[in-house]
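The values are calculated or read from the model by the stated rules, or taken from the named source; none is laboratory data. Since the model is a prediction, treat every value here as computed from it, not as a measurement. Every residue, glycine among them, receives a Cβ derived from its backbone with ideal geometry; neighbour counts consider all protein chains shown.
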Amino acid sequence: MTKTAIVIGSGFGGMASALRARKMGFHVILLERLEQLGGRAQTFEQDGFIFDAGPTVITAPFLFDELFELFDRKLADYVEMMPVSPWYRYEFIDGTHLNYGGSVEDTLGEIERINPDDVQGYKNLLAASKEIFDVGFTQLAHVPFHKFWFMLKQVPALIRLGCYRTVWQFTKHHLKDDRLRRAFSIQPLLVGGNPFSTTSIYSLIHYLEREWGVHYPRGGTSALVAGLGKLMNEVGIDIRYGQDVVQIESQAGAVRSVRLADGQQVEADLVICNGDPAHTYQNLIAKEQRPSWSDRRLSGLKYSMGLYVLYFGTGKKYEQVEHHTIVFGKEYEALLTRIFNGGEAGDDLSLYLHRPTASDPALAPEGKDTFYVLAPIPNLRHGEDDADRRNQIKERVLDILESRILPGLRDNLEVCFDFAPSDFQAQYRSQWGAGFSIAPIFSQSAFFRFHNRAEDMKNLYFVGAGTHPGAGVPGVLSSAKVVEHLVAQDHPQTAVDSEWQTV
Ligand SMILES: Cc1cc2nc3c(=O)[nH]c(=O)nc-3n(C[C@H](O)[C@H](O)[C@H](O)COP(=O)(O)OP(=O)(O)OC[C@H]3O[C@@H](n4cnc5c(N)ncnc54)[C@H](O)[C@@H]3O)c2cc1C
């Protein structure tokens, strides 16, 4: 008899798990509380401007290819992936900039222009990043980390690679120029970590970008989400929107069903949860059924930073602005300390500016530009983002952009709305409104992160940013591979229902 797998949540991790479970022969029901797919990769549209809410930098696109190949399909038949160049433009406070991307020689040329003393250092940094990547990504990102002995076995390799150092220490060791140190140490921020406290294993992200480049799906990340949605429909996954799961129910220590906010009960042989694990344990599972995750333990976790995102459309085009721009403020360590350790973000913000219309003009009405700007800020543990605070950040962000990147911005704004930690909490059920679930510090990575297989309830699995290997699109797609592996171990006799082959 075909077994039923329920997937809670349709972030990239949830969709990937739904497809992998379907391929294994399960009848798959995907329950999403929002009215569209994608989770943090949802889409907003206003007056002809199309905004990707979250991920915009697509690295390791082969992880998407794999999902289509499961069903003998090709990603290219669903969505066109376009290489982006440069990958990022870094704007420094002294008025200099660095275009990063293209070939290694292109990058070395840019470094030579900024500071010739760092050319050799960059070569060394790239080589060291590759070594970490070969272990941290190639060998370990897709394998389960729920056994302590397995973690212990990795320790010698991690020590040899110097992973007891932070990303900042790793970068500082190789580069002398403060601007370059900043540019090549920000990678942990892409997955919710402070470069000054995140283990240098995350320096592998640098090589990951180099290995496969940076891509953008034509039509935006939403086109990728739509492509996955189409595939899920074709292979018979039952997608249900507006379904808020409020309880995961068990019997004799094993998952039995989930309860929805409207009281409906949906039975399942297994549940793969793509919701934030901290929120799920605290709110969807009765205390006595999760002895490994007491409220006390959950409250001791450290969360990633919050994000303030301003989506806006302009009545004119800013042709000189690249697709991805990082705008550094004056401070770096001090800003990050305020963001991660509490307090106000302050006025001296660093920003990520997204201009998708640089690659794909169809995302805005003709002659206009679509943008979003993102500022890392403290999460809700450090205070509420009430209207005053939001407005203060918005004005500061507009000041920085207007004076440094987008002259005359305020006069050209046609559409403008924001999304802040309280929206992350309300929409995605993210604990403390964190942008990327728990922070990727050593004591919350691999074995120490939320396990992909629940400790206390049989047939409950976790996929997505809060689990191993962690946040970011490659991370959550890899976590779906880990879950597949565990489900296959636990359900070796799953009847292969190959109905999808004929639809
Ligand atoms: C602004 C922003 C920019 C980013 N940029 C990049 C980038 O450029 N590149 C990159 O690689 N990564 C980026 N990231 C990180 C990346 O987007 C995330 O780590 C990843 O998309 C998270 O996927 P996930 O599988 O964990 O699910 P999520 O996207 O967190 O989705 C979880 C889903 O579960 C649903 N859900 C939760 N609880 C329930 C419930 N009880 N019942 C029903 N449904 C529920 C939620 O509604 C949501 O749809 C960015 C993140 C943000 C926020």
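Here is a list of conditions, (1) out of contact with any Cys (no Cβ under 6 Å at 6 or more places or on another chain); (2) part of a helix (DSSP H, G or I), and THR280 meets all of them except one; can you say which number that is?
(1)
Would the stretch 221-237 turn up any residue that is touching a Ser or Thr at 6+ places or on another chain (Cβ under 7 Å) and over 26 Å from PHE424 (Cα atoms)?
For the stretch 221-237, residues touching a Ser or Thr at 6+ places or on another chain (Cβ under 7 Å) and over 26 Å from PHE424 (Cα atoms): absent.
Please state which one of ASP65, ASP72 is surrounded by fewer than 21 Cβ atoms within 10 Å (Cβ to Cβ), within 27 Å of SER359 (Cβ to Cβ) and either of a type in the set (Gly, Ala, Ser) or modelled with pLDDT of 95 or more (or both). Don't jump to the end; show me each part of the working.
Working: ASP72 fails: within 27 Å of SER359 (Cβ to Cβ).
Answer to the selection: ASP65.
Could you check ASP244 against (1) surrounded by fewer than 16 Cβ atoms within 10 Å (Cβ to Cβ); (2) under 30 Å from TYR100 (Cα atoms); (3) within 13 Å of the ligand (Cβ to nearest atom); (4) of a type in the set (D, E, K, R) and say which number it fails?
The single condition ASP244 does not satisfy is (2).
Being assigned by TED's automatic domain parsing to the domain that holds PRO55, at pLDDT 95 or above and assigned to a helix (DSSP H, G or I), is that true of even one residue in the stretch 458-473?
Scanning the stretch 458-473 turns up at least one residue that is assigned by TED's automatic domain parsing to the domain that holds PRO55, at pLDDT 95 or above and assigned to a helix (DSSP H, G or I).
Regarding the stretch 317-324, can at least one residue be identified that is farther than 29 Å from VAL214 by Cβ, away from the ligand (no atom under 14 Å from the Cβ) and either in contact with a helix residue (DSSP H, G or I) (Cβ under 8 Å, 6 or more places away or on another chain) or at pLDDT 95 or above (or both)?
No - not one qualifying residue is present in the stretch 317-324.
Yes/no matrix, rows are residues, columns are (1) touching a residue at least 40 places away in the same chain (Cβ under 8 Å); (2) farther than 19 Å from GLY9 by Cα; (3) in contact with a Cys (Cβ under 6 Å, 6 or more places away or on another chain); (4) not aliphatic (A, V, I, L, M):
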residue: GLU249; (1), (2), (3), (4): no, no, no, yes
residue: LEU284; (1), (2), (3), (4): no, no, no, no
residue: TYR308; (1), (2), (3), (4): yes, yes, no, yes
residue: HIS324; (1), (2), (3), (4): yes, yes, no, yes
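Condition test on THR56, is it within 16 Å of the ligand (Cβ to nearest atom) and touching a His at 6+ places or on another chain (Cβ under 8 Å)?
Working: within 16 Å of the ligand (Cβ to nearest atom): yes; touching a His at 6+ places or on another chain (Cβ under 8 Å): yes.
It is true that THR56 is within 16 Å of the ligand (Cβ to nearest atom) and touching a His at 6+ places or on another chain (Cβ under 8 Å).
Scan the stretch 147-158 and tell me whether some residue there is outside any helix (DSSP H, G or I), touching a residue at least 60 places away in the same chain (Cβ under 8 Å), over 24 Å from the mean Cα position of the chain (by Cα) and more than 16 Å from the ligand (Cβ to nearest atom). Talk me through it step by step, then tell me what you get.
Going through the stretch 147-158, the residues outside any helix (DSSP H, G or I) turn out to be 147.
With the extra rule that they be touching a residue at least 60 places away in the same chain (Cβ under 8 Å), the set shrinks to 147.
Then keep just the ones that are over 24 Å from the mean Cα position of the chain (by Cα); that gives 147.
Applying the additional criterion that residues be more than 16 Å from the ligand (Cβ to nearest atom) yields 147.
Yes, there is a match, as at least one residue in the stretch 147-158 is outside any helix (DSSP H, G or I), touching a residue at least 60 places away in the same chain (Cβ under 8 Å), over 24 Å from the mean Cα position of the chain (by Cα) and more than 16 Å from the ligand (Cβ to nearest atom).
Looking at LEU298, LEU284 in this structure, which one is under 24 Å from ALA426 (Cβ atoms), away from the ligand (no atom under 11 Å from the Cβ) and within 24 Å of the chain's Cα centre (by Cα)?
Details: LEU284 fails: away from the ligand (no atom under 11 Å from the Cβ).
LEU298 is the lone residue from the list that is under 24 Å from ALA426 (Cβ atoms), away from the ligand (no atom under 11 Å from the Cβ) and within 24 Å of the chain's Cα centre (by Cα).
Within the stretch 341-363, count every residue that is in contact with a strand residue (DSSP E or B) (Cβ under 6 Å, 6 or more places away or on another chain), surrounded by fewer than 22 Cβ atoms within 10 Å (Cβ to Cβ) and without any contact (Cβ under 8 Å) to a residue 40 or more places away in the chain.
1
State whether the residues of the stretch 317-335 include one that is assigned to a helix (DSSP H, G or I) and buried (at least 22 other Cβ atoms within 10 Å of the Cβ).
Of the residues in the stretch 317-335, the ones assigned to a helix (DSSP H, G or I) are 333-335.
Filter once more, so that each one left must be buried (at least 22 other Cβ atoms within 10 Å of the Cβ): none.
No, that holds for no residue.
Among the listed residues ARG453, ARG449, which satisfies the condition of being closer than 19 Å to ARG20 by Cβ, among the basic types (Lys, Arg) and more than 11 Å from the ligand (Cβ to nearest atom)?
On the way: ARG449 fails: closer than 19 Å to ARG20 by Cβ.
Unique residue meeting the criteria: ARG453.
So that you can scan it fast, the table gives a plain yes or no per residue for (1) surrounded by 17 or more Cβ atoms within 10 Å (Cβ to Cβ); (2) in the same structural domain as HIS142 (by TED's automatic domain parsing); (3) not in a strand (DSSP E or B):
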site: SER403; (1), (2), (3): no, no, yes
site: LEU406; (1), (2), (3): yes, no, yes
site: ASP411; (1), (2), (3): no, no, yes
site: GLU414; (1), (2), (3): yes, no, no
site: PHE424; (1), (2), (3): yes, no, yes
site: GLN427; (1), (2), (3): no, no, yes
site: TRP432; (1), (2), (3): yes, no, yes
site: GLY435; (1), (2), (3): yes, no, yes
site: PHE447; (1), (2), (3): no, no, yes
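Can you pull out the residues in the stretch 197-241 that are under 15 Å from the mean Cα position of the chain (by Cα), in a helix (DSSP H, G or I) and within 30 Å of SER185 (Cβ to Cβ)?
Correct list: TYR202, ILE205, LEU208, GLU209, THR221, LEU224.
Identify all residues within the stretch 31-53 that are of a type outside the set (Ser, Thr, Tyr) and more than 9 Å from the ligand (Cβ to nearest atom); write none if there are none. Step through it out loud before you land on a result.
Taking the stretch 31-53 as the starting set, the residues that turn out to be of a type outside the set (Ser, Thr, Tyr) are 31-42, 44-53.
GLU35, PHE44, GLU45, GLN46, ASP47, GLY48, PHE49, ILE50, PHE51, listed by residue number.
From the list ASP295, ASP269, pick out the single residue that is farther than 24 Å from GLY38 by Cβ and in contact with a Ser or Thr (Cβ under 6 Å, 6 or more places away or on another chain). If you could, list the steps in order and put the result at the bottom.
Numbers: ASP295 fails: in contact with a Ser or Thr (Cβ under 6 Å, 6 or more places away or on another chain).
Residue meeting the stated conditions: ASP269.
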